[in-house]
Amino acid sequence: MIEPILARRSIRKYTDEPVTDLEIRRLLEAAMSAPSASNHQPWHFVVITDRWTLDQMAEYGPHWQMLREAPLAIIVCGDTSISEKYWVQDCSAATENLLLAVSMMGLGGVWLGCYPRTERMGPCRELLDVPHEIEPLAVLSIGHPAEEKEPRTQYNEERVHREKW
């Protein structure tokens, strides 16, 4: 049953309905259920619901303007002191789990690229008081969707190699 995966789409328009604390907790539980190399779990999550902060963050990336409408952003960060080699993979898995949970809960969200763009990471780090050993990986804009997109597959047989290239 892969329908929830096929239904996950990038949603950039939101209603003004807030995301509840219980919904945020469930999203974070899903994120923290991701696989992690040697179970180091190097992830940290900055939860932002403050309108001023969301509006400020909308300026940090060229395609981050949807944060002006979003009632919630979650910044997925990796602790390089816990996992220097695999924090990106671990935090990416947590990010995808979070996005799948967003979709399955009837919310909408989109992954906004942060790492390794220092011009995005630096302002996020400063605004959110992120410690130096923590790297902001992804910014997720989340809310109740004000747009609907059909489920889809992006399967491409040309990208599949069996036994050998």
note = For the range 11-147, averaging the sequence separation of alpha carbon pairs under 8 Å that lie six or more residues apart and dividing by its residue count, the contact order in percent is 37 percent
query = Along the Cα-to-Cβ line of MET105, 7 Å from the Cα, sits a label point; which residues in the range 151-165 have backbone N less than 16 Å from it?
reply = none
inquiry  = Over the chain, with a Gaussian network built from C-alpha contacts below 10 Å, which listed residue (TRP87, TRP52, TRP64) shows the highest mean-square fluctuation?
reply    = TRP52
key: Note, ³J(HN,Hα) from phi for the range 7-17, Karplus 6.51, -1.76, 1.60, rounded to Hz, x at Gly and Pro   = 7, 5, 9, 6, 10, 10, 10, 9, 6, 8, 5
query = Given springs between every Cα pair under 10 Å in a Gaussian network model of the chain, which of HIS40, HIS144, HIS132 has the largest fluctuation?
reply = HIS132
task = Return VAL47, VAL110, VAL160 ranked ascending by Cβ neighbour count within 10 Å, so the fewest neighbours appear first.
result = VAL160, VAL47, VAL110
ask   = So how much slack lies between VAL47 and LYS149, counting 0.36 nm per residue of separation and subtracting their Cα-Cα distance, in nm?
value = 34.2 nm
inquiry  = Using Stokes-Einstein with the Kirkwood hydrodynamic radius over Cα pairs, what translational diffusion coefficient do you get for the chain at 20 °C and a viscosity of 1.002 mPa s, in µm²/s rounded to a whole number?
reply    = 130 µm²/s
query = With +1 on each Lys and Arg Cβ and -1 on each Asp and Glu Cβ, how big is the dipole of the range 11-147 about its Cα centre, in debye rounded to the nearest 20?
reply = 260 debye
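Read the figures in this text as sums done on the coordinates, not as results from a lab. The shown structure was predicted, so the numbers you read here are calculated from the model rather than taken from an experiment. Heads up, the Cβs are rebuilt from the backbone with ideal geometry, glycines too, and the neighbour counts pull from every protein chain shown.
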